[in-house]
Amino acid sequence: MPSPLLPSSLGSAEGRNPPVVRRPVIEIADLDFHYGTSQALHDISLSIAEKEVTAFIGPSGCGKSTLLRCLNRMNDLIDGARISRGAIRIRGVDIHQRDVEVMELRKRVGMVFQKSNPFPKSIYENVVYGLRLQGVRDKTRLDEAVETSLRGAALWDEVKDRLHASGLSLSGGQQQRLCIARTIAIEPEVILMDEPCSALDPIATAKVEELIHQLKLRYTIVIVTHNMQQAARCSDRTAFFYLGKLIEFAPTKDIFMTPSNPQTEAYVSGRFG
Amino acid sequence: MADTSKAPSFPITKRRLRFFGLTSDELVQLFFRGNAMVSVLVLALITLFLFREGLEFFGQNQQNLQVYRRAGLDYVDHMRWQEQDHTALNRYLLDVRMKVMADLTGRGGLSVEAANQRLEAFDQYSIRFDDAIAPLRGLVSELSETASAIKTKYYINEDKRTERRQLLAAGRADEAARVEVIQVDFARELEPILASRDAYLAINRDLARELQELASAARAVPGVPVERMDRFGTLVVQYVGGFPQIEQRLATWDYREDVSLLRSFSAFIFGRQWLTASFWQDWYGVLPLFVGSLMVSMIALTLAVPLGVGAAIYVNQIASPTEQRLIKPCIEFIAAFPSVVLGFFGIAVLGEFLRSISGAAWLDWVPGFPLAERLNALTAGCLLGLIAVPTIFTLAEDALQNVPRSFKEASFALGATRLQTIVRVIIPTALSGIISAVLLGLGRVIGETMVVLLCAGNRIEIPDFTAGIAAFFQPVHTMTGIIAQEMGEVVRGEIHYRALFVVGIVLFFLSLTINFTAQKILRRYRQQPL
Amino acid sequence: MSQPTPNPFRATPSFSRTFESGVFWVLRSTAYIILLCGGFVFSDIVIKGSTTVFRPEFPFVNTTFLTEAPESLYVFEHEGVKREMGDREFRAFRESERLKAEAAGRTAPEIKATSYVYSAGGIFPCIVGTVLLVVGSMSIALCLGVASAIFLNEYARQGTFIRLVRLTILNLAGVPSIVFGLFGMGLFVIFLDWNVSLLAGWFTLALMVLPVVITASEESLKAVPQGFREASLALGATKWQTIRKAVLPFALPGILTSSILGIARVAGETAPIMFTAAFVVRDKLPWEDLERASDFFFQGVMALPYHIYVVSSKIPQNEYTERVQYGTAFVFLLIVALIATTSIVLRARLRRRYRW
C-alpha cells in the first residue's frame, strides 16, 4: 500500500540508530467519530510508523485523546460513542470489525493513562496482572517478566528490594513508570500514552521522557501531550489537531520549525491554546 | 476475515468458543442481567400475588351483600337503625342525668337519695321515653331471627351444593346424589318479614305520636336545665321527622334488586365498619382502618418532623465536629431498634407513663385527658415518631449536606448571620430534599406493623371526631395491624382472608404512591439546585 | 493615632444575636431530645432485662435462659414457702411429693399452682431460629444483590430497562414489611406449597432486604476508581476478568460492611416472618428428628422477634411474666444493636481507609 511516510531519520536523536525499515503500523482513514449527536472527530486520515514516537498535540477538547482511545477501542466503554465513517487498520486489520476480539486488540495495543492508576496491590502483582489474565502460572516466567518489564521501565533498581510493597507506596513518577512496566509486561506492539506526564513534576517527567526514548527501540508509541516542548523533545512525528480536525501532520522538526499551516504556527508559537 | 489471513501477525479476531451462540463473557453479562431483573420480577410478583389472592374478594363480597339483601337482613337493618337512633337519644338523657346528678351531689351538697328524689320527675319522663320503643324493639328482634334463619338456611344449602360438586368431581356420583340440596325460595321465605309491614306501620304511628307528645313535654320536665331539654325536644322532633323516609324506603324495598360489583367495591372503600365473624352480618369496610393508620401516622409525624428536621439542621449547620461525630451514629443506632422491641416498650412502660402524665392536674384543660385507655393512638404515635425520626433525620441531613458550600459562603460574604444564612439560603435550597425526607418518613410509618399491632389499642372504630383533639387519644386499629392480627386466624380462600389481602393491596399502592412522589420531588430538586 | 477611633467591628449585644442563639438552643435541644428518648428506651430494656440475663454469682450469665426452651412457670405455696418452678421441675416435684406422701401412708395434698405460659425456661430455640433466618436470607440477598449491583454499575448502559430497574429498586425499598409477608405467604407458602418454613422465610426476608443490599453494593462499586477498570481493560482483560480481579476485591469490604445494616433489618423484622416462617412454639430444635435432609428447609422455626410479640401481647403482664419479656427483649436488642454498631463503626473506618 502506498505510504505517505518516507523511510527517514527525521527525528533529531535518531541519526545514530541503525536504519530500520519503517512501515506503517496504524492507518487511520477518513475517520468520523461521534459522542452521541456531537461530532468529535472530522475526517481524520493518518498513518503511524513502526518504532517511532508519534505525538498528538492541540488545545483541550481538540479530539486528540478521543483519537488515541479509538486506537485500542477504549471508547467502547463510553455510552453513545461510535465511529460513523472511515476505519482504523492496524497491520491491515480493521479493528472495528464485528469479529474483532477487543481483548486481543488491547493486549497488542497497550495504554498508559494520564493519571497513574496502579492497582492497590503489590508492585509484583501489578506487573504480572496482564500475564495472570492470560493464564500464566509459571513462577519463574512471572519473575522473569517482572524483572524485564521493570528494567524496561527503568524502575527495577528503585524497587527491586520491595517488590511486594504496595504499588500505591511509590511516588507519582514511579507509579507512572510502574504502569508502563505493567503495559510492556504483556509485550504489546503499540503503546498509547495519554498525557502520561501531566500529573508529574519536572524531574519525574524527564525520567519518563528518557524512558520513551528507550522504549521506541522496541515499540511503536503514540503519545498525547499538552506540553509542546515534550512533543518536540521526544517525538519523531507530530500531528496537530484543532476542533476535531487534523490540521497538520509532519515530522516534528518541520511542525515546530516550519509549520505549513498558519493555525499550527499560531499554536506552537504559543499564541493560543 | 480476509484481513486475518492476510495479516496473521496481528491475530485479533474472535475466538470460536461459544455456548448457545454466546461467548463466555456475554453469558456472564446475561447472568448479571438476569439478577438485576429479579427486583423487577419481585415487584411484579408482589402485585400479581396480592391481586391473585385478593381480587376475588370483590366477587365474594358482592355475594355476601346479595345474600344480605335476599335474606331480608337489609330490610330488618333499616328498622334496627331506627331503633339505634332512639337508643342514642336515650343516651343523651342519661348524660343529662349524670351531669345534673354530679352537680347536685357535688356543688349542691345533696345526698344521693335526695338528689334522686329531686330527679324523680325526670326519671319518669326518661322511662316513658325508653318504653316507647319497646314494641319496635320487639318487632326487630323477632324479624332478626327470621332473617338470620333464612341466611343460615341459604348457607347450609350452599355448603351442600359445594359438597355435591366435590363428590361429583371425585367421581362419587351415587354419594353426590344422596346430598340433598333444596333451593332456597327467598320470596316465600321472606313472606313473614314482608307481612310484618302493617304491624310495623302501626307501631311506627304509635311511636311517632308518643314521641311527639314527649318532645313537647320536654321543656316542662322539672329539675333539669331547660336549654338541654329544649335541645332534646328538637332532636326528638327531627328523629320523628325521619320516620316517613324510613317507611318509604321499606315500602320500595325489593329483595330481588341485584347488588352491583361497584357496590361491593364502594362498600369496601367507604365502608365504615370492619366487622367479622358476626352472627348477623359481616362488613368489610376499610375506612376505620385507614383512618386509624392515618391518625397514628399524623401523630408520629407531628412529633418526628420538628425533631428530625431540627436535629438535622443543628447537626449539619451548627454543631461542632465533636458533637456531629457523637450525634449522627447515635441516631443511626436508634434506627436499628427493632420495632417489636419498641412495641413491647409501649406496652410495658410508655402506655402507663403517658396515662399517668395525662392524669396530672395541670393538664386538665387538654380534651380527652386523662387518658381512658393505656394503649391508644397516642402511645403508638409516639413510638412511631421514634421510628420515623432517624429516617427523616438522615435524609434531611443528606439534603442539607448537598447544598453547595459556595451558597453558604456567598451569603456570609454579604454579611448575613448564621441564622439568616440557614433560614434564607440553606433551608430553601434543601427544601425539596427535606420534603421528600418527610414523605419517606411517612411511608416508613404507615407501613410499620408491630408497634401499632401492640400499642394502638386495636379497636376497630372510626374515632369520634366530634370530640375534637380527644379523638387522637382513642384506641384505633390500623391496616397493617389488622393483617398481622387476623391473618393467622382466617380460612384460606374465604372472604375474610381475601379481604385482608385487599387491605394489603391498598397498603401496597399507598406506599408506592408515597415513595414515588418522594422520588419525584427529589429528582426535580437534583436537576435544579434552586 | 492620638485619638483612638472606635472599632466599627466590635461585637455589640443586640436582640438579633440573642434571638439567634435562642433559635440555636431550640435546635440543639431537638437533637438531644431524640438522643434522650432513644437512650431512655434502650436503658429501660437493658436495665430491666439484664436482671434476667445476668446473675450476681458465677457464671454471671443465666445459662438456663440462654440455653433452654421456653416452658410454663408454676407458682405455688408449699409448706408455707412460696415457690416457683418450670414445667418439668414442677411435675417431678409433684411426683416426688406424691411418693413421699404414699410412703408416709397418706394421700398427697393437692398443690394449687398458678401457671404462666412461656415464663420459665429460656429462649434458646428462638436464638437458633433467628440466626438461621438471618444467615439464610442474607446469603440469598447478597448473591442476588451483589450480582444486580454489578450489572447496574458495570454492564448497564443508559436505557429504558435500566431506568425501570432503578425505579423498581427505589420503590421496592418503600414497600411495607407486612406486604412482603403477604407476598411471601401468597407465593412461597401457598403457591409453591412450602408451608410455613425456613425456606419461605429466607426468601421473603431476602427479597425484602434486596434493595438495601443492591444500593449498598452499588455504592461500594462506584467507590472503586474508574482508572482500575481502564487499566485492566487496557491490559487486555475481558469485562468479567476486570470485574473479578480489579473491581470486586476492592469493593467487597464496602459491600460487606454496608450489608451488615441489612442484617440488622432482617433480624429485626417480625411482620414478614409471621405467616411465612415463625412458629409460636416448637419443641424440637431445627436439627432434631429430621427424616430427610430436605426436611430441614421445610420446617418452621421459633424466632426472637416473634417470641417477643407473643410474650408481650398474648400473656398478661405481671412480676412473673415480666422477667421473660424483658429478658427476651434485652437479648434481642443486644444482638441487633451489636450488629448495627459493628456496621456503623466499620463503615466509618472504611471511609477513612479507602481513599484512592
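Grab the alpha carbons of chain B, take their convex hull, and tell me the volume per residue in Å³. Provide the component values of the computation, followed by the final result.
Details: hull volume 161.8 nm³, N = 530.
Once divided by residue count, the hull of chain B is 305 Å³.
Under 17 Å from a label point 7 Å along Cα→Cβ of C:Asp295: give me every residue in region C:268-285 with its amide N that close.
C:282-285
How do C:Trp287, B:Trp365 line up, fewest other C-beta atoms within 10 Å first?
Values: C:Trp287 10, B:Trp365 6.
By the 10 Å Cβ count, ascending, the order reads B:Trp365, C:Trp287.
For the protein assembly as shown, what is the charge dipole size about the Cα centre, in debye to the nearest 20, if Lys and Arg each add +1 at the Cβ and Asp and Glu each add -1 at the Cβ? Walk me through the numbers on the way to the answer.
On the way: 120 positive and 111 negative charges, 934 e Å.
Result for the protein assembly as shown is approximately 4480 debye, rounded to the nearest 20.
Return the tail of the calculated pair distribution for region B:453-530, meaning the percent of Cα-Cα pairs more than 14 Å apart.
Working: 2188 of 3003 pairs.
The calculated P(r) of region B:453-530 puts 73 percent of pairs beyond 14 Å.
Given all pairs of different Cα atoms, what value in angstroms does the Kirkwood hydrodynamic radius of region B:264-306 take? It would help to have the intermediate numbers written out before the result.
Numbers: mean 1/r = 0.0857 Å⁻¹.
One over the average 1/r among Cα pairs gives 11.7 Å for region B:264-306.
How far is helix A:139-152 tilted off the main Cα axis of chain A, in degrees rounded to 10, range 0 to 90?
That works out to roughly 50 degrees.
How tilted is helix B:120-132 with respect to the longest principal axis of chain B? Cα atoms for both, answer in degrees (0 to 90, nearest 10).
Approximately 80 degrees, to the nearest 10.
If you place +1 on the Cβ of every Lys and Arg and -1 on the Cβ of every Asp and Glu, how big does the dipole about the Cα centre of region B:73-254 come out, in debye to the nearest 20?
Working: 24 positive and 30 negative charges, 72 e Å.
With only Lys, Arg, Asp and Glu charged at Cβ, the dipole is about 340 debye.
Sort B:Phe186, C:Phe180 so that the residue with the fewest other Cβ atoms within 10 Å of its own Cβ comes first and the one with the most comes last. All intermediate terms of the calculation are to be shown ahead of the outcome.
Details: B:Phe186 17, C:Phe180 26.
Result, fewest neighbours first: B:Phe186, C:Phe180.
Which of B:Lys153, A:Lys121 comes first, and how do the rest follow, when ranked by fewest Cβ neighbours within 10 Å? Don't skip to the end; give the middle numbers.
Working: B:Lys153 14, A:Lys121 19.
By the 10 Å Cβ count, ascending, the order reads B:Lys153, A:Lys121.
So what is the orientation-averaged projected area of region A:128-236, using the convex hull of its C-alpha atoms, in nm²?
On the way: hull surface 27.7 nm².
One quarter of the hull surface, i.e. the mean projection, equals 6.9 nm².
Need the list of aspartates and glutamates near A:Lys216 for cross-linking: C-alpha distance under 17 angstrom, and skip anything on the same chain fewer than eight residues off.
Result set, ordered by chain and number: A:Glu14, A:Glu50, A:Glu52, A:Glu187, A:Glu189, A:Asp194, A:Glu195, A:Asp236.
Calculate the dipole size of chain C relative to its Cα centre from +1 charges on Lys and Arg beta carbons and -1 charges on Asp and Glu beta carbons; express the result in debye to the nearest 20. Provide the component values of the computation, followed by the final result.
Details: 34 positive and 27 negative charges, 394 e Å.
That gives a dipole near 1900 debye.
Along the Cα→Cβ direction, 7 angstrom out, place labels at B:Glu213 and B:Asp230. What is the inter-label distance in nm?
Result for the modelled spin labels: 2.6 nm.
Going by the alpha-carbon gyration tensor, a ≥ b ≥ c the square roots of its eigenvalues, is region C:246-356 rounded (a/c under 1.5) or, if a/c is not under 1.5, prolate (a/b greater than b/c) versus oblate? Write out the running numbers ahead of the final one.
Numbers: a/c = 3.37, a/b = 1.58, b/c = 2.13.
The shape class here is oblate.
Per-residue ellipticity at 222 nm for the protein assembly as shown, helices alone: DSSP H runs ≥ 4 residues times -39500 (n - 2.57), over residue total, nearest 500 deg cm²/dmol? Let's see the in-between values first.
Details: 47 runs with 685 residues, N = 1159.
The helix contribution divided over the protein assembly as shown gives -19000 deg cm²/dmol.
What do you get for the angle between helix B:427-446 and the principal long axis of chain B? Use alpha-carbon atoms, 0 to 90 degrees, nearest ten.
Long axis of B:427-446 versus the principal axis of chain B: about 60 degrees.
Dimensions of region B:306-527 along principal axes (Cα, Å, largest first)?
Taking the Cα atoms of region B:306-527, the three principal extents are 67, 49, 35 Å.
Where Rh denotes the Kirkwood radius from the mean inverse Cα pair distance, what is Rg over Rh for region C:71-121?
Numbers: Rg = 11.5 Å, Rh = 11.4 Å.
Dividing the radius of gyration by the Kirkwood radius yields 1.01.
Any aspartates and glutamates with Cα under 12 Å of the C:Lys222 Cα? List them, leaving off those in the same chain fewer than 8 positions away.
Qualifying aspartates and glutamates at Cα under 12 Å: C:Glu154.
How long is the protein assembly as shown along each principal axis, judged by its Cα atoms, biggest number first, in Å?
133, 111, 82
Dipole of the protein assembly as shown (Lys/Arg Cβ +1, Asp/Glu Cβ -1, origin at the Cα centre): which of B:Tyr155, C:Ile47, C:Gly227 lies farthest to the positive side?
Selected residue: C:Gly227.
I need the per residue convex hull volume for region A:196-257, using only the alpha carbons, in cubic angstrom as a whole number. Don't skip to the answer; put the middle values down first.
Values: hull volume 5.7 nm³, N = 62.
Spelled out: Cα convex hull of region A:196-257, divided by residues, is 91 Å³.
Is region B:73-254 best put as rounded, prolate or oblate by its Cα gyration tensor, with a ≥ b ≥ c the root eigenvalues, rounded for a/c under 1.5, and otherwise prolate when a/b is larger than b/c, oblate when not?
Working: a/c = 4.46, a/b = 2.56, b/c = 1.75.
Prolate, since a/c reaches 1.5 and a/b exceeds b/c.
Output the Kirkwood hydrodynamic radius of chain C, Cα pairs only, in Å rounded to one decimal. If you can, show how the numbers build up before the last one.
Numbers: mean 1/r = 0.0400 Å⁻¹.
Averaging 1/r across every pair of different Cα atoms and inverting gives 25.0 Å.
Among the lysines, which have Cα under 18 Å from the Cα of B:Lys160 when same-chain residues fewer than 8 positions away are ignored?
Straight-line reach from B:Lys160, under 18 Å: B:Lys151.
Hey, rough spin-label estimate for B:Glu323 and C:Thr51, points 7 angstrom out along Cα→Cβ, what's it come to in nanometres?
Those two pseudo-labels are separated by 3.7 nm.
What percentages make up the Cα-Cα pair-distance distribution of chain A when the bins are 5 Å wide from 0?
Reading the bins upward from 0: 1, 6, 13, 17, 18, 17, 14, 9, 4, 2, 0, 0.
When a/c is below 1.5 the answer is rounded, else prolate if a/b is larger than b/c, else oblate, so apply that to region B:150-302 with a ≥ b ≥ c taken from the square roots of the Cα gyration tensor eigenvalues.
oblate
As a quick test, which of the pairs A:Lys64/A:Lys115; A:Lys121/A:Lys207; C:Lys48/C:Lys82 have an alpha carbon distance above 19 angstrom in this structure?
Numbers: A:Lys64/A:Lys115 17 Å; A:Lys121/A:Lys207 24 Å; C:Lys48/C:Lys82 23 Å.
Cα-Cα > 19 Å for A:Lys121/A:Lys207; C:Lys48/C:Lys82; rest within.
Determine Rg/Rh for region B:314-437; Rg is computed over alpha-carbon atoms and Rh is the Kirkwood hydrodynamic estimate from the same atoms.
Working: Rg = 19.5 Å, Rh = 17.3 Å.
Checking Rg against Rh, the ratio lands at 1.13.
Which percent, nearest 5, of DSSP beta bridges in the protein assembly as shown are antiparallel? Intermediate values should be presented prior to the final figure.
Numbers: 42 of 62 bridges.
Just about 70 percent of them are antiparallel.
Read-outs throughout are calculated quantities, based only on the coordinates presented, and are distinct from any laboratory measurement. Since the structure is predicted, the reported quantities are computational estimates derived from the model, not experimental observations. Cβ: placed from backbone, ideal geometry, glycine included. Neighbour counts: every protein chain shown.
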